[in-house]
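Chemist: Pasting in a structure now, in structure tokens, and then I'll have a few things to ask.
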Amino acid sequence: MQFEKAKQILNQNKEKKYTDEEIVQIIQLLEVFKDVWIANLLKLTENEKCDSLC
């Protein structure tokens with residue numbers, strides 16, 4: 001997602017706006033969540049395949 005679009009979404013209807021640095025930190029945190037989520041989904045898929053073969 002483009003930074004400016006993320007900034008617009010995050011600051012929508014907010015009295016106190018996020019700074020650029022805060023937005024970068026939010027994006028980085030969301031990327032970590034995404035990586036963990038994908039890793040967990042891949043593990044779940046591997047386990048389901050193993051369970052059906054065992």
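The values are calculated or read from the model by the stated rules, or taken from the named source; none is laboratory data. This one's a predicted model, so the numbers in the text were calculated from it and none came from an experiment.
Chemist: Limited to the stretch 16-30, what total is found for residues that are over 16 Å from Lys5 (Cα atoms) and of a type outside the set (A, V, I, L, M)?
Modeler: Residues flagged as over 16 Å from Lys5 (Cα atoms) and of a type outside the set (A, V, I, L, M) within the stretch 16-30 amount to 1.
Chemist: Could we say that Asn47 is assigned to a helix (DSSP H, G or I) and at pLDDT below 90 here?
Modeler: yes
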